[in-house]
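Encoded as structure tokens, the structure appears first; notes follow it.
Nothing in this text is a laboratory measurement; each read-out follows from the coordinates by a stated rule. In this text, all values refer to a predicted model and were calculated from it rather than measured experimentally. Cβ placement follows ideal geometry from the backbone for every residue including glycine, while neighbour counts extend to all protein chains displayed.
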Amino acid sequence: MVYKNKTWYKDFSETLDKGEIGESAFIQLAKGLDNVVVYDCRKFDFCRKRDIDFIIFIYDEDDKIDCKLIEIKTEYSYGKYSKDMQRFWIEDISSQKQNSDGWFRYCSCDIMVNVDAINNVMYMFDFNGLKTYIDLYYGNDSKRVDYKKLEYGSTAYVVNIQLFLKWLEDNGKYYKIVDMKEVI
């Protein structure tokens, strides 16, 4: 089955412009926390090649530092659906014609932040947890993880958001849901 992507943009710069909404919301959220320092690395080739937007440094009460690599994805499509029908689009192949890897194959983040720009909700979760979840359920349960091809040649794992968040919780993996209206 081939899906028509309702969020297909005319050029890549338009896609980047739309993505900045989620990135800006994340910066505001992180800057509002007393124990977090945000380092913007979006302009560095080293980070872009690994699909990393930010590095955050988290200080605890003993001044110990934890460092996390963050990637932000902003979506304009799944927010149109009811909660039980919403799916994360996890790009596996960017272009079949060019045989180019999608971000899921080369992203090196620790925490993925997926922003629902329609409902102003930010989902933050363990990226390795996402990889494990896809490995467990792809091919075994199409309600949890399915594989789709768009008419423009990209393919992706399509992950049911609510079932994935429940799995993260049941397995002690990091996730957080933020109402962006409270941040912005």
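Relative contact order of region 55-184: 26 percent, from C-alpha pairs under 8 Å at least 6 residues apart in sequence.
Taking GluC sites (Glu not before Pro) across region 94-184, the ones in a DSSP loop with at most 16 further Cβ atoms lying within 10 angstrom of their Cβ are 151. Along each principal axis, taking the top coordinate minus the bottom one, the Cα set of the chain gives 53, 38, 29 Å in descending order.
Of the residues 126, 146, the one with the fewest other Cβ atoms within 10 Å heads the list, and the complete ranking is 146, 126.
The peptide list 97-107, 63-73, 34-44, 152-162, put in order of mean Cβ contacts within 10 Å with the highest first, becomes 152-162, 63-73, 97-107, 34-44. In a fully extended conformation the segment linking residue 81 and residue 108 would gain 6.8 nm over its present Cα-Cα distance, using 0.36 nm per residue. All other residues with a Cβ under 14 Å from the Cβ of residue 169 taken together, and with Lys, Arg as +1 and Asp, Glu as -1, what is their net charge? Taking every Cβ under 14 Å from that of residue 169, the sum is +1.
Over 24 Å apart at the Cα level, from the set 43/131; 149/173; 83/176; 49/143; 43/173, are 43/131; 149/173; 49/143; 43/173.
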